[in-house]
1. Quick check on my filter: what residues within region 471-488 are assigned to a strand (DSSP E or B) and under 18 Å from Asp447 (Cα atoms)?
2. In region 121-134, is there at least one residue being modelled with pLDDT under 85, farther than 30 Å from Arg241 by Cβ, open to solvent by 70 Å² or more (accessible area, probe 1.4 Å) and not hydroxyl-bearing (Ser, Thr, Tyr)?
3. Given the conditions (1) modelled with pLDDT under 95; (2) surrounded by fewer than 23 Cβ atoms within 10 Å (Cβ to Cβ), report the number of the one that Arg483 does not fulfil.
4. Hey, could you check region 521-557 for residues that are of a type in the set (D, E, K, R) and in contact with a Phe, Trp or Tyr (Cβ under 8 Å, 6 or more places away or on another chain) and say which is nearest to Asp328 (Cα to Cα)?
5. Quick check on this structure: which one of Leu491, Leu544, Leu534 is buried (at least 20 other Cβ atoms within 10 Å of the Cβ), in a strand (DSSP E or B), touching a strand residue (DSSP E or B) at 6+ places or on another chain (Cβ under 8 Å) and not aromatic (Phe, Trp, Tyr)?
6. Considering Asp393, Asp448, which residue is surrounded by 15 or more Cβ atoms within 10 Å (Cβ to Cβ), modelled with pLDDT under 90 and of a type outside the set (S, T, N, Q)?
Amino acid sequence: MANNPTWPVAAASRIRIKITNDDSYCRLFYNHSTGSINLVPLTADDASAITTTPHAEIYDHSQTSANVEQDPLYQSYLSQSKDDNNQIIVDSFHPDDVIGANLSLEYNLHNPNTFHGMQSYASAQINIYCYPKNNRKKQREPNHKSYIVDSKCCEDFSDVRALVQSIRTLSGLQNNNTNNNKNALPQRFLVILNPYSGGNGPKSKSGATFVYETMVKPMLEQAGVEHDKLATNHGGHAKERMELRKSTSDDNDNNGEEGGDCVDSELKDISEYDAIIAMGGDGILFEIFQGIHARSTDEAQILSKLKFGIVPCGTCNGLAKSILHWSDNAEYTPMESVFQICKGHTSRLDLASYQLAKTEKTYTSFLSFSWGLIADCDLESECLRWLGAIRTDIWAVYRGILFPKKYRARFSYLPLSNKTNNGSASTKIDLPKLNEPLPKDWVTIEDDFSVFWVCNTTHASYNVFTCPMSKMNDGVFHVLIVRSSVSRLRLLQMLLKLETGGHIECEGLEIISCLAYRLEPLSDNTYNDLDGELIEGGTIQARLFNTAQFFAGKVDR
C-alpha cells in the first residue's frame, strides 16, 4: 500500500487506541485502496514490545528520521500497511463521511503516569463525527467514533494532534481553516430560520426550528463552526437583517450566546460573518438577497466575501433540490444539505438582476422567473397552501386544462454568441433602458403563450425538474416557452412529465438559451413571479450580473 502523503505514518505507529478493559490495543491505518481509515489490532509481537519497552524508548522527540525508521513499531506498522487486504479491522470510517474531528483531554494533576515530574492527562479521546449513508435508505445517519488513546504512549500529545489534523485534511474540511494558519479564527455563520416555513408551525418535526435544534446546531458544533441564530418573527425580517450595518464586534463579544442558545443579537454587520445559512423555503433566501441588494454601496463586496447555504424546510425548496442535484445527485434531505454545509466546499451560483418598467425597482434573483400559466399556478394556488406542493398541480389542471387562458406578450432576447460562453460573458452586458429600443442583435417574438418560464436552476421545486440542462454557473438563461396554439393534450403531457424532466422532449415545448431578455406583457391581469414571490407587474428585463458562493458537493459546472 502506498502511503498517503497527508497520513502521519510515524505518529500513527506510536499511537495506541484502547478498545477494551483487558489492555487490548489497536492502531489507526489509512487504506490507500479504499480511502478509509481502519482500526487494526496490534500484532502479538508489537503488544509484547509495548509492555516490555520503557516509555522513553517508545516516545522520544529527540529521535532522528533514521532512528524512527529503525523503530520496530514503525517497521511493523509499515509492514501491516502494505498488507491491508489481510488486516483484521475492528472499526472503520471513511473521510468522505466526516464533518469534524477533535481531541478531548481530561486533565489530572495526580496521574500516576506523570513523566519526569510533569503534569499529565488522565485520559485523551479522539472524536470523529461521521455521517455515512445508510445502504438501504441511501440517507445519511450519524455514526460517530470515539477512540481512547493510551496516554502512556504520549507526552505532549503532538502525535495525536497530528493524526487528528490529518483526518481533517483527508476529510477535506474547508470550514476548518487552521491548516494554513494556526492563528486563524474559527468560522462564524449566521443562521436565519423561518419558524413557520412549510406551513406546519414552529413545533413541526419538518419545520426549521426542529431541524435547527436536532441537526444544524449540533452538526455545526461538531464541524468546529461558531454561529449566531436569528428566528424571523415577521415578513421581511430577513431582508431587514441583511440591511443592518451596526457593528459591536469590538465591544460586545458574547459569541452569540444568550440564555444558553446560539442567537443573533442583530447588532453585527453581516460582513463580519463568513456565511449566511437560510432555513426555510426559497422565500427566506429571496429576502436575504433583496436585503443585500439594498446595500448598494457594498453589495458586490458582500457577495464576494460571504458564502451561502440553504437547508430545505419549506414547501417547494427549488434551490436546495437543485444544489443537491448538481452535487453528484445527492439525496434530497435536510441532513444532506447540512452535511454539505459542514464539509465547507462551495461552488458559484449565477445571480440575475431584474429591472421593472413601472416602478423602476430592481431585484436579485437566484431561481427562476415565470409569467403566464406557471405564475398563475404558483401565486393563485396560495389559497391551497395547506395541501403542500400538490397545490400547484391542482391549479395547473384547473387553469391550464379545464379553463385555459391565453397570455399575449412580446418577448425579446439576446442570443448566445458564436463564442463559447464561460459563465462570465453575461456580466459584461449593459441592458438598454426600459423606455429605449433594443439593440439590433436582439431577437423579438410576439405571440400568445401558455407557458413562459425562465430558469437559472434545474429545479423550480423539489418535485419539479424544470431544466435538466441548467448548470450552476453557466452564465445563461434557459427560457421554456409553450405557445397557446399547442393543444391541451400536449400541454397536459408536458405538465405530467415535469417531475422527471421528460417534458423537455415533448413536442410543442421551445427552449431558448440567452444572455439577457425583456418581456412586455400585452394581456391584462397577469403576474410577474420571481423566485416564487409576487413582484410588480408589467414590462421586465434581466441579465445575469454576478455569482454567489453556495455550499455544494462535487459539482459538474
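The values are calculated or read from the model by the stated rules, or taken from the named source; none is laboratory data. If you're wondering where the values come from, they're calculated on a predicted model, not measured in any experiment. As a convention, Cβ positions derive from the backbone with ideal geometry for all residues, glycine included, and neighbour counts pool all protein chains shown. Areas reflect the complete protein model, heavy atoms only, side chains present, ligands, DNA and RNA absent. Shrake-Rupley method; radii C 1.70, N 1.55, O 1.52, S 1.80 Å.
1. Across region 471-488, the qualifying residues are Val479, Leu480, Ile481, Val482, Arg483.
2. No, there is no match, as no residue in region 121-134 is modelled with pLDDT under 85, farther than 30 Å from Arg241 by Cβ, open to solvent by 70 Å² or more (accessible area, probe 1.4 Å) and not hydroxyl-bearing (Ser, Thr, Tyr).
3. The one condition Arg483 does not meet is (1).
4. Asp556
5. Leu544
6. It is Asp393.
Yes or no, residue by residue, for (1) open to solvent by 40 Å² or more (accessible area, probe 1.4 Å); (2) touching a Gly at 6+ places or on another chain (Cβ under 7 Å):
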position: Gln290; (1), (2): no, no
position: Ala294; (1), (2): yes, no
position: Glu299; (1), (2): no, no
position: Ile302; (1), (2): no, no
position: Lys305; (1), (2): yes, no
position: Pro312; (1), (2): no, no
position: Thr315; (1), (2): no, yes
position: Trp326; (1), (2): no, no
position: Asn329; (1), (2): yes, no
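Conditions tested, residue by residue: (1) part of a loop (DSSP other than H, G, I, E, B); (2) touching a residue at least 12 places away in the same chain (Cβ under 8 Å); (3) over 22 Å from Gly538 (Cβ atoms).
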site: Glu436; (1), (2), (3): yes, no, no
site: Phe452; (1), (2), (3): no, yes, no
site: His459; (1), (2), (3): yes, yes, yes
site: Met469; (1), (2), (3): yes, yes, yes
